[in-house]
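Structure, as structure tokens:
The values are calculated or read from the model by the stated rules, or taken from the named source; none is laboratory data. Note that the structure is predicted; figures quoted are calculated from it, not measured. As a convention, Cβ positions derive from the backbone with ideal geometry for all residues, glycine included, and neighbour counts pool all protein chains shown. With ligands, DNA and RNA removed, areas are computed over all heavy atoms of the protein, side chains included. Shrake-Rupley method; radii C 1.70, N 1.55, O 1.52, S 1.80 Å.
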Amino acid sequence: QVQLVESGGGLVQPGGSLRLSCTTSTDIYTINSMGWHRQAPGKQRELVATITSGGITNYARSVKGRFTISRDNTKNTLYLRMNSLKPEDTADYYCEANRFGLDFWGQGTQVTVSA
């Protein structure tokens, strides 16, 4: 069982930045891959970015070049640095971890991009 706790969401103006954090209850190096997903009101949940235990990253086309996913094994924490935020980035952001073939999810953190 892996527990994930997200933080760092909030209200930001268009063009601003936020950094989301996701702290795991287990040693992060035992987790095969981790990712961030988001769900906007009335829309399906979508993949934002993923990172493997080896550090290989993948991004949705809509965020490539603006968002950066990273993981700090010493702090058991996954990050999502979000720059140049747009109103369409408004959503609940969820941390996800895949460990030994099982998926675990955090409770989500809300990001609102508005003037």
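Here are the numbers:
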quantity: For Met82, net neighbour charge (Lys/Arg +1, Asp/Glu -1) across residues whose Cβ lies under 9 Å away; calculated: +2
quantity: Size of the chain as Cα extents on the principal axes (Å, biggest first); calculated: 41, 25, 23
quantity: Accessible carbon and sulfur surface of the chain relative to its total accessible area, %, 1.4 Å; calculated: 46 percent
quantity: Global form of segment 44-97, assessed from the alpha-carbon gyration tensor, a/c cut-off 1.5; calculated: prolate
quantity: Summed side-chain charge close to Ser114 - residues other than Ser114 whose Cβ falls under 13 Å, Lys, Arg +1, Asp, Glu -1; calculated: -1
quantity: Ranked packing of 51-61, 32-42, 91-101, most packed first, by mean Cβ within 10 Å; calculated: 91-101, 32-42, 51-61
quantity: Solvent-accessible area of Asp103 with every protein chain in place, 1.4 Å probe, in Å² to the nearest 10; calculated: 90 Å²
quantity: Average projection area in nm² (convex hull over Cα atoms of segment 17-68, one quarter of hull surface); calculated: 4.6 nm²
quantity: Total formal charge among the other residues, if their Cβ is under 12 angstrom from that of Met34, Lys/Arg +1 and Asp/Glu -1; calculated: -2
